[in-house]
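Have a look at the structure below, then the notes.
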Amino acid sequence: YVIKRTGQEDKEYLEIYGRLNTGISFIMQTPLSSIQESAKIANRFYALAGCLGAMAGGIIIWFVSRSVTKPILELNNISKRMVQLDFEAKYQGKAHNEIDLLGENINKLSDSLEKTISELKTANNELQRDVEKKEAIDEMRKEFLANVSHELKTPIALIQGYAEGLQEEINDDPESRQFYCDVIVDEAAKMNNMVKKLLTLNQLEFGNDVVAMERFDLTALVKNYIQSAAILTKQHEITVRMEEYPPIYAWADEFKIEEVITNYVSNALNHLDGDRRIWIRIEELGDTVKVTVGNNGQHIPEESLPNLWTKFYKVDKARTRAYGGSGIGLSIVKAIMDSHHREYGVENVEDGVEFWFTLDAKA
């Protein structure tokens, strides 16, 4: 068979003719325009179908890629927040695929990092506290050595001087020798007393002395101390006044509170003027008890009041030296009251000076 185009340009045909195997000849003719129109329609259909298929494929690809990239972007955001040490964000995917497994592992990593950083911060805080404590202890040791060296310098020089005087027999009469010996004994006693107080203060400040809390009669404690000091007050013609109080109970370390009262009264004994009076008050103030020890001595300068609790601080150094004071007693009071977490203080009153402290009246 033969296929060919025939006709004019404005009206062409597609013509086929030939002979069949049976010997019959045939000829067929169809307008080419109809074939071209069918081809155009088919082309338009295929083009439209292709566009629709491409759009549908793009939409499907977008949804599929979004379902994959969204958890990845979420994990990326979580990792960025973890870099900033923000561990609040957690992966919430529940598709149970490989990405979700990765998200669960990141959540576990976040929890582990948060716990580790918390432990590190705690350890760092404890380390910082230990460093500060060590620095404070080193500073206290330096201050302690400097103060002790300063305070011991005078009595040691006096002992050495008078001992050398005895050795060289500067004054060989019995009265002079006795005077030299009395000075040496007196200065040695002052040194011994100061060292004992320093050891007590050192134990209190370093927390080596345990506070044994117990309930005791504060009135009886003060009365017993006044009775034990009666000989000393009579010798110095000192009047100690205290009202009659019923039993007043407080919670504290009885031995240490007796030490506070002893230091307050000793301080009052050594700073008396005029008619040489000391008074002691016990006041119940709700859940607390206040003990006040006062004397009719000279007022303490206001600028010196905060410094009285500092080791070796002395308002009147000449007077302190005369009675053998070391400037440690009130520091011991401060350490004892700090260990009890209670208040204490000093104030100038109309006819003298009053030192006070408070204790718990109820458990």
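Between E350 and A163, the modelled label-to-label distance comes to 5.4 nm, taking each label 7 Å out from Cα in the direction of the beta carbon.
If you roll a 1.4 Å probe over region 1-45 with all protein chains in place, what percent of the accessible area is carbon or sulfur? With neighbouring chains kept in place, the figure for region 1-45 is 55 percent.
For the chain, the mean residue ellipticity at 222 nm estimated from helices alone is -20000 deg cm²/dmol, where every DSSP H run of n ≥ 4 contributes -39500 (n - 2.57) and the total is divided by all residues, rounded to the nearest 500. Accessible surface ranking for I24, I332, 1.4 angstrom probe, highest first: I24, I332. Within the full protein context, the accessible area of V183 is estimated at about 30 Å² for a probe radius of 1.4 Å. The calculated FRET efficiency for I24 paired with R66, based on their beta-carbon distance and R0 = 51 Å, is about 0.20. Computed in the context of the full set of protein chains, the accessible area of region 163-306 at 1.4 Å probe radius has 50% of its extent on carbon or sulfur. Heavy-atom accessible surface of the chain, averaged per residue, reaches 66 Å², computed with a 1.4 Å probe. Take the alpha carbon atoms of region 161-195, find their center, do the same for region 198-276, and report the distance between the two centers in whole angstrom. About 33 Å separates the Cα centre of region 161-195 from the one of region 198-276.
Solvent-accessible area of I238, all protein chains in place: 20 Å² (probe radius 1.4 Å, heavy atoms, ligands and nucleic acids excluded).
Taking a straight Cα-Cα cut-off under 12 Å and skipping sequence neighbours fewer than 8 places away in the same chain, the aspartates and glutamates within cross-link reach of K334 are E205, E259, E343. Between (1) 1.09; (2) 2.49; (3) 1.39, which entry matches Cα Rg over 2.2 N^0.38 Å as derived from the coordinates of this structure? Computed from these coordinates, Cα Rg over 2.2 N^0.38 Å corresponds to label (2). Once all protein chains are placed together, S79 keeps about 50 Å² accessible to a 1.4 angstrom probe. Between S34 and M55, the FRET efficiency from the beta-carbon distance, with R0 = 45 Å, is close to 0.90. Once the Cβ-Cβ distance of R129 and D287 is raised to the sixth power relative to R0 = 35 Å, the FRET efficiency obtained is 0.65.
The values are calculated or read from the model by the stated rules, or taken from the named source; none is laboratory data. These numbers come from a predicted model, not from an experiment. Every residue, glycine among them, receives a Cβ derived from its backbone with ideal geometry; neighbour counts consider all protein chains shown. The protein model used for the area step is the full one, side chains on, heavy atoms only, and it has no ligands, DNA or RNA in it. Shrake-Rupley method; radii C 1.70, N 1.55, O 1.52, S 1.80 Å.
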